[in-house]
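J.: Before I ask anything, here is the structure I am working with.
What follows draws every value from the coordinates through simple rules; no lab data is involved. Values in this document were obtained by computation on a predicted structure and should not be read as measured data. Quick reminder, even Gly has a Cβ in these numbers, built from the backbone with ideal geometry, and neighbours come from all protein chains shown.
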Amino acid sequence: MGPIFLHIKPEDLNKLRNITLTYLEKNLAIANSINNYFTAYHHILDLIPVTVRKFFSGHIFPYNESYIELEISYNLAVIGFYKSSLCSLRSFFELGLLYIYYDRKDNSEEIIKEWLKSQEQTPFKNNIISGLIKIDIVASFNSEKDIINPISNLYSKLCDYVHTRGYYHSHTFLSGSNVVRFNRKSFELWLSYFESSMELLITLFILKYPVGFQYTPINAKFGLNVPMGGFLNPYQVDDIKNILDAGTIELLQRISDNDDEAKKLAKEINAMPDISQDKFAQQVIEQDKFWIKQMGFNQWKKNLFEPTYSNIKGDQELREYYQNKLINLANWAKENGYYY
C-alpha cells in the first residue's frame, strides 16, 4: 500500500503543539487561568451527592463524561484543531447541563436509567433548559441575574461549530488555511467559550447544591476518610470563587445562606470534633498499606513515598519520621507477602 495522502500529518501536529505550549509559556496569565478553570470544575465532583440510593446508579456519568470532553477540547485546541475543540466543548457543556437536568428533582438515579443504557435519546436543548428553570433555586437566581438566556445563547453558538454554520464556523477559517496552524485569535476564541461555559455550569452546580458555598471543613473533620460527595472543603470553595465574578459570588452566597438545608448540613459538619492527630496518622498508614497491596512495596515506594520524601528539606525530625515509617512498612510488607 502506498503512502496515505494527508494535508494534516502527525509530525505537523507535534510541531503545532510545541508552538501553542510556547505561546502559553510566554503568556502565563492565560496558562494559569486555564489551570484555574480546570481545577474549579474538578472540585465539583466532590460536591455531587453520592447517597446510598445513588451509589453505583451511574447518575454521575454525565459529569464524568463532560470532564473527559473538556480535556479533549483543550488538547484539540493545543494542536490547532480549533473547530473540533469547540465541538468537544459543546459536548462538555451539554453533558454538564444534562447532569443537572437529570438530578433536578434529586432522583437522577431513577430517571437516568434508560438514557444510560442508550435506550433513550438525549433530551433536546429546549427540554434541558425548560427543566433547569423549573428548579426553584435556579429560577430565584435567574430573577436577579439572567443565567438561562446566556446558557441558551452559548449552547447555540457552540452548535454553529458542530453543524458548520458556513465559512466562519469552519476549520478553514479558524486555521486560516486548509492545513492546521497556530492562530492566536482562534485559540483565544476557544478560550473565551471555555471560560464562559465553565462559569455557567459551575454556577448551576452551586445553585443545585447550595451547601457548596457553606463553610464545611471536611478534611479537618474526617481526615482521609471523607464522605463520598456532597461537600466542599474551604480551599475548594476559594478555588471556585476564583473563576466567578463578584456579582455572581455575592448572589450565590446570599442564596446559599438563605437555604435551610444547606445551613443544616453545614451546622452538622461544624458540630463534629476535628480528627485527632493519632487517628489521622493511622489513616495515613492504612492508606499506605492499601496501595502497597495494590502495587507491591517497591512500586509504592517509587511512586508515592520517594516523591514526598525528596521534597522534605531541612526538617530532620520529619525526615526521621518518614525513615521509620518506611522501615515499619517494609517489615509489614515482608510479613504479608507484598515485598516485591
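J.: Can you count the Lys pairs in the stretch 277-336 with C-alpha separation below 24 Å, eight or more apart or on different chains?
T.: Taking the stretch 277-336 as the scope, the lysine pair count is 20.
J.: Could I ask something else about it? Where Lys and Arg each count +1 and Asp and Glu each count -1, what net charge lies around residue 176 among other residues with Cβ under 13 Å from its Cβ?
T.: Within the 13 Å Cβ shell, the charges total +4.
J.: Between residue 181 and residue 160, what is the FRET efficiency for a Förster distance of 25 Å, r being their Cβ-Cβ separation, to the nearest 0.05?
T.: 0.65
J.: Another question about this same structure. If you place +1 on the Cβ of every Lys and Arg, -1 on the Cβ of every Asp and Glu, and leave all else neutral, what size is the dipole of the stretch 10-271 about its Cα centre, to the nearest 20 Debye?
T.: So the magnitude is around 440 debye.
J.: Taking loop as defined by DSSP and a crowding limit of 14 other beta carbons within 10 Å, which trypsin sites (Lys or Arg not before Pro) in the stretch 12-87 fit?
T.: Within the stretch 12-87, the qualifying trypsin sites (Lys or Arg not before Pro) (loop, at most 14 other Cβ atoms within 10 Å) are 53.
J.: Please identify the GluC sites (Glu not before Pro) of the stretch 77-122 that satisfy two criteria: DSSP loop assignment and at most 13 other Cβ atoms within 10 Å. Which are they?
T.: Passing sites in the stretch 77-122 are 120.
J.: Does the stretch 11-80 classify as rounded, prolate or oblate by the C-alpha gyration tensor (a ≥ b ≥ c root eigenvalues; a/c under 1.5 gives rounded; else a/b over b/c gives prolate, otherwise oblate)?
T.: Taking the square roots of the gyration eigenvalues as a ≥ b ≥ c, the stretch 11-80 is oblate.
J.: Along the Cα→Cβ direction, 7 angstrom out, place labels at residue 27 and residue 309. What is the inter-label distance in nm?
T.: Going from the residue 27 label point to the residue 309 one covers 4.4 nm.
J.: Within the stretch 100-173, which chymotrypsin sites (Phe, Trp or Tyr not before Pro) sit in a loop by DSSP and count at most 15 neighbouring Cβ atoms inside 10 Å?
T.: 124
J.: Still on this structure: Give me the one-decimal nm value for the distance between modelled label points at residue 254 and residue 111, 7 Å along each residue's Cα-to-Cβ direction.
T.: Result: 2.9 nm between the two label points.
J.: Additional query: Hey, fewest Cβ within 10 Å first, where do 208, 113 land in order?
T.: So the ranking, lowest neighbour count to highest, is 113, 208.
J.: Further, regarding this structure: Give the lysines reachable from residue 145 as a straight Cα distance under 25 Å; neighbours fewer than 8 places away on the same chain don't count.
T.: Result set, ordered by chain and number: 105, 125, 134, 157, 208, 241, 263.
J.: Let me ask something else. Can you tell me the relative contact order of the stretch 10-271? Whole percent, Cα pairs under 8 Å, sequence separation 6 or more.
T.: 26
J.: Could you let me know the centre-to-centre spacing of the stretch 40-73 and the stretch 203-270, using Cα atoms, in angstrom?
T.: 17
J.: While we're on this one: Return the distance in nm (one decimal) between the two label points of a simple spin-label model at residue 121 and residue 7, each offset 7 Å from Cα along Cα→Cβ.
T.: Inter-label distance under the simple model: 3.3 nm.
J.: Taking all pairs of different Cα atoms in the chain, averaging 1/r and flipping that mean, what Kirkwood radius in angstroms comes out?
T.: Evaluated on the chain, it is 23.1 Å.
J.: Further, regarding this structure: Just from its helices, what would the mean residue ellipticity at 222 nm be for the chain, if runs of 4 or more DSSP H residues each count -39500 (n - 2.57) and the sum is divided by every residue, rounded to the nearest 500 deg cm²/dmol?
T.: -21500 deg cm²/dmol
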